[in-house]
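A short write-up of the structure that comes next.
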Amino acid sequence: ETQHTVKLTKGFYMGVHLVTQEQWQAVMGNNLSHFRGEENLPVEMLSWHDCQEFIEKLREKDKKMYRLPTEAEWEYAARAGTATPFHFGDTISTDQANYNGEPYSNGKKGVRRGKTTAVGTFPANAWGLHDMHGNVWQWCEDWYGEDRYGDYPQKDVVDPQGEDNGKLRVLRGCSYLDDPETCRSAYRSRTRPDNRSDNIGCRVCFFVE
């Protein structure tokens, strides 16, 4: 991975937390999640299409142009001004995020929780955003390209929006099931937009007018 400069010309608000089951229920009238029974758990079992339906109804309800973040916006927000693998530094522990507990680099083995945790359980980054590493994967707006870089630009770019079409959508952020390497701010994953899993959720944002 090679870091490069990305310029975002439009300000945006990012959700402090992953969308919770309570928030989803209030807008959609249902709860698709596998893990239940605690307050403020993230909603999961979401396809990319489910998220688009939620966003449309949320727009009608709040009169704001909600959407999924672009991949560039997501990484910008996750890093919160840092250039290290994680927003809290060069390594990670299960006191800082919910992943599978395997050691990272020279770190120690941690707790394997095997399930989601309530949003806000772990420390926020410098910009006040929680769960940018771990808990559930987060859908982004972008298509994932099909070349060896996934069409992610390898040069300086302005307001990247991803490809115009494709077969897979981008996921960011890692989950409770996955290794710490995949929690890195730079790590990119992808899956079919119709895929649902108990380790995939979402976070919403909207432009500053």
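Odds and ends about this structure:
- Heavy-atom accessible area per residue - the range 15-82, 1.4 Å, Å²: 47
- ARG188 accessible area, assembled protein chains, probe 1.4 Å, Å²: 40
- When the chain is treated as a GNM with alpha-carbon contacts under 10 Å, the residue of GLY134, GLY173, GLY29 showing the greatest mean-square fluctuation is GLY29.
- Percentage relative contact order, the range 156-209, counting C-alpha pairs under 8 Å, at least six apart: 33
- Here the extension length gained between SER105 and ARG36 equals 21.5 nm, from 0.36 nm per residue of separation less the Cα-Cα distance.
- The figure for LYS109 is an accessible area of roughly 140 square angstrom, using a 1.4 Å probe on the protein chains alone.
- From helices alone, the chain scores -4500 deg cm²/dmol at 222 nm; the rule is -39500 (n - 2.57) for each run of n ≥ 4 DSSP H residues, then divide by the residue total.
- FRET efficiency estimate (nearest 0.05) - Cβ-Cβ, ASP194 to ARG113, R0 25 angstrom: 0.35
- Spin-label pair LYS57-ALA83: with each label point 7 Å from Cα along the Cα-Cβ axis, the two points sit 4.4 nm from one another.
- Beta bridges per DSSP, both residues in the chain: antiparallel share near 75 percent.
The values are calculated or read from the model by the stated rules, or taken from the named source; none is laboratory data. Everything numeric in this text was worked out from a predicted model, so none of it was measured. Please note: Cβ atoms are built from the backbone with ideal geometry, for glycine as well, and neighbour counts cover all protein chains shown. Heavy atoms of the whole protein, side chains included, go into the accessibility calculation; ligands, DNA and RNA do not. Shrake-Rupley method; radii C 1.70, N 1.55, O 1.52, S 1.80 Å.
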